[in-house]
Amino acid sequence: MGPVVSVKTYMFTFLALLALTLSTVLIGFLNLGWGSMFVAVLIALGKAILIACFFMHALLEKKIVKLVIAGSILWFLILVTLTAGDYITRGWVAFGGK
Amino acid sequence: MSTLVKIPAAETPNYLTEGRGIRSWLLTTDHKRIALLYLASVTVFFFIGGIFALLMRLELVTPASDLVSPHTYNELFSMHGIIMVWFFLIPSIPNTLGNFLIPMMIGAKDLAYPKINLASWYVFMLGGTITLYSMFRGGVDTGWTFYTPFSTIYSNTYVVGAALGIFVSGFASIMTGLNFIVTIHNMRAPGMTWFRLPLFIWSHYATSIIFVLATPVLAVTLLMVAVERIFQVGIFSSELGGDPVLFQHMFWFYSHPAVYIMVLPGMAVVSELVAAFSRKTIFGYTFVAFASVSIAVIGFLVWGHHMFVAGTSIYAAMYFSLLSYVVAVPSAIKVFNWTATVYKGSISWDTPMLYAIGFIGLFTIGGMTGLFLAALGIDVHVTDTYFVVAHFHYIMVGGTIMAFLGGIHYWWPKISGRMYPEGISKLSALTVFLGFNLTFFPQFVLGYLGMPRRYAAYPPEFQSLHVLSTAGATILGAGYLMPLIYLFWSWHYGPPAPPNPWRATGLEWQTSSPPPKQNFEITPVVTRKAYDYEGMKDELGLV
Amino acid sequence: MSSALSSTAQKLMLREQYGTPEQQRETVTLGMWIFLATEVMFFGGLFMAFAVYRMRFPQGFDEGSADMSIVLGSINTAVLIASSFAMALAIHSAATGKQYRSVWLLLTTAFLGVAFLAIKFTEYYQHYEAHKVPGIWFETSKPEAGAMQLFYVFYFAMTGLHALHMTIGITLVIIYALRAAAGSFDSEYHTPLEALGLYWHFVDIVWVFLFAIFYISGLHT
């Protein structure tokens, strides 16, 4: 039997997720330029952390599971950073560059 | 030993005798039987890929594109690459020797998910069937690299079929990697701590990390190519403002780590062989273990070295070049440590050792030429020439295939319960070595002199080197046919093998040859470190 | 091993290769997390490509995003979050011995999943009517037509893949609900439910990011 989290915790997580969804939409209506997507992704990251920590009880699992989670995020970042790095340093993107 | 009397197998029940008939094989969940299913499949794929290679080499005997048209030649090298990479090299050692040995080496009854193991073989076969079907319906001519926009827009061949077949087989890779990681974490026998594991396990663990993290990216990339071909619109076409080079980034993010999937299991085998046939513990065990994991990790950071002339930024090129030098370090550490192991060891020159030493030499040449290619200035000159072709064949064929053959011979007594014939096996090892070098060394020269790869026609001044290479290829082919024949022969006619014919350390040698279905009569308890030849001197007997 | 097994032990279905139930549970859990890591890389490839093109075509992508229905997108997000809540409660019920309740919660999860797909396909149909389906019927008079079409290729590819994962998930939830109704699980053994729960939550996380990248940036226009 795996780690058991209380119903109350699940309830708070659920409400927090709904609140964050609402805030994402509201922020979207502000004219932040490229900032809108950036903030939206940031809030999404927050939601993902809530889902992972409480619904998936990631923090209660063994060390190796936490390593797998960290590893998958790190590997995704490797893919994005090095590829985007190429595009940014050749001025292929809409901002700055050559 | 040259009688033709069929020698009956051991009387004791083992994994081969428990359950007979085709159903017991096709529905088995025994990792040892699944290993044999894979062995049969990869052998068939190897010879199909080999036939494509032979046809290519025959065409290249003359400067003109006279044996086959350039279009057919494009299909030949594409199909040769696809079959060899995805249907032979990647599954070869992990799914045959890895499947068979990992549970045994850690003292377990089976892998963590035996049914997923069987499913992986069916998925692999489905992928292979789809790919072969595409090939024989009309082939694919994009190269195994499927570069856009040729693969997405301009090619008139069965790209979607081939890509789909590879996509499907990728799931088999992922299932295997997942199975191995979980098994090595959770199924070790009591006392088998991480640093008592054979280095074979460490290398396969590193390989499995790559399986799990790289293959999904290939899957989604090929999926996008298929989408673009089917819907005539996609993310790689410049018509919409897309960048064809993005395909290369995504493709090589997988395919560079994939070459480490191909070589790490070879290194896994070599560590075992070198220890056994020098009767010494591996020099610097911890360094070799961490080097395996480092190769897997750093291998994800270097993919841009396949794209130096593709139009990436100079800063990206410089970064990838630097990291490509860094990734060579752990490989070099392993070569130094194997050499130090052999030094002052009690060496026996059985066939597996011949293959292991061959691996060390040829892998070193292949690896060093990789460093030449990592230098931007040199790469501009030799990229897309036969220099590159020679480089990767030294590693894949001179390295991985030699290790595969060495491992098959070494563990053959355990797998089949029979000894292979030592005399002819040494002859074929020599044939392979000579054939290999005659085939591929001239290709370094050809590439340096400017012969491009993937060309059916070439200037006449290159002919003599091509003729040498083709001659070598025929010798190499003969060298590969020989084990196919004598290993088959030995299955029924070879002398029965004892549990530990090599007097080697390792849990797999502590059980009968062939092993019982559950591997061990009693779960072993481990108290010794790996390769404890000193400590086990009395137990193992005289050299 | 020949003595009569308790009903709990029978339900435990301890597989041959495991020594203890705890080992089996940990093994299944680790395996599912590793599978989710592969899914991170699978979707990750497309997220990366989207990020690169977004950096090149901010205008065109904003124009595409403005087409999206924030109402339907938000409702869908809420629906999926609710389904994850239901799934978490279903496993909690199984773990605390309330099997009957867990069956209903699993069915609720599946129902919410189907609702999500229904709304999604409504959106797809709306895009089709607006001639915004690349490769089938795409027309726009907007200046950044190429970039907008690229946006839509990503939109359909990524939400399509997500919908495929949802469909597989819903099917499994229904199958497991039936198994739970047949009494296959109890408070000692409900490992398959836990694994399914991880998968379901992960697919929810993917949607959370899809919502952020497709529905928000064009809102201000």
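The values are calculated or read from the model by the stated rules, or taken from the named source; none is laboratory data. Quantities reported herein were computed from a predicted structural model and do not represent experimental measurements. We place every Cβ from the backbone using ideal geometry, glycine too, and count neighbours over all the protein chains shown.
Here are some notes:
- Residue within the range B:226-245 that is within 12 Å of chain C (Cβ to nearest Cβ) and within 19 Å of residue B:180 (Cβ to Cβ) present: no
- Qualifying residue in the range A:53-76 (condition: touching a Leu at 6+ places or on another chain (Cβ under 6 Å) and either in contact (Cβ under 8 Å) with a residue 24 or more places away in the chain or away from chain B (no Cβ under 14 Å) (or both)): yes
- Filter result for residue C:204 (of a type in the set (Asp, Glu), facing chain A (nearest Cβ under 10 Å) and more than 16 Å from the chain's Cα centre (by Cα)): no
- The residue of the range B:283-311 that is surrounded by the fewest Cβ atoms within 10 Å (Cβ to Cβ), among those that are β-branched (Val, Ile, Thr) and more than 22 Å from the chain's Cα centre (by Cα), is B:286.
- Residues that are more than 9 Å from chain A (Cβ to nearest Cβ), more than 20 Å from residue C:193 (Cα to Cα) and within 16 Å of the chain's Cα centre (by Cα) were ranked within the range C:58-95; the one that is surrounded by the most Cβ atoms within 10 Å (Cβ to Cβ) is C:76.
- Single match in B:361, B:367, B:345 (criterion: more than 15 Å from residue B:448 (Cα to Cα) and touching a residue at least 60 places away in the same chain (Cβ under 8 Å)): B:345
- Residue within the range A:41-51 that is within 30 Å of residue B:313 (Cα to Cα), within 20 Å of the chain's Cα centre (by Cα) and more than 7 Å from chain C (Cβ to nearest Cβ) present: yes
- Some residue of the range B:130-139 being in contact with a helix residue (DSSP H, G or I) (Cβ under 8 Å, 6 or more places away or on another chain) and under 30 Å from residue B:311 (Cα atoms): yes
- Qualifying residue in the range B:19-37 (condition: crowded, with 16+ Cβ neighbours inside 10 Å, at pLDDT 95 or above, touching an Asp or Glu at 6+ places or on another chain (Cβ under 6 Å) and not small (Gly, Ala, Ser)): yes
- Condition broken by residue B:124, with the remaining ones in (1) assigned to a helix (DSSP H, G or I); (2) among the aromatic types (Phe, Trp, Tyr); (3) surrounded by fewer than 20 Cβ atoms within 10 Å (Cβ to Cβ); (4) out of contact with any Lys or Arg (no Cβ under 8 Å at 6 or more places or on another chain) satisfied: (3)
- Subset of the range C:100-145 (residues that are facing another protein chain (nearest Cβ under 10 Å) and crowded, with 16+ Cβ neighbours inside 10 Å): C:133, C:134, C:135, C:138, C:144, C:145
- Looking only at the range C:207-221, and only at residues there that are more than 23 Å from the chain's Cα centre (by Cα) and more than 8 Å from chain A (Cβ to nearest Cβ), the one that is surrounded by the fewest Cβ atoms within 10 Å (Cβ to Cβ): C:221
The rows are residues; the columns are (1) within 22 Å of residue A:75 (Cβ to Cβ); (2) within 14 Å of chain A (Cβ to nearest Cβ).
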| position | (1), (2) |
| --- | --- |
| B:260 | yes, no |
| B:263 | yes, no |
| B:279 | no, no |
| B:302 | yes, yes |
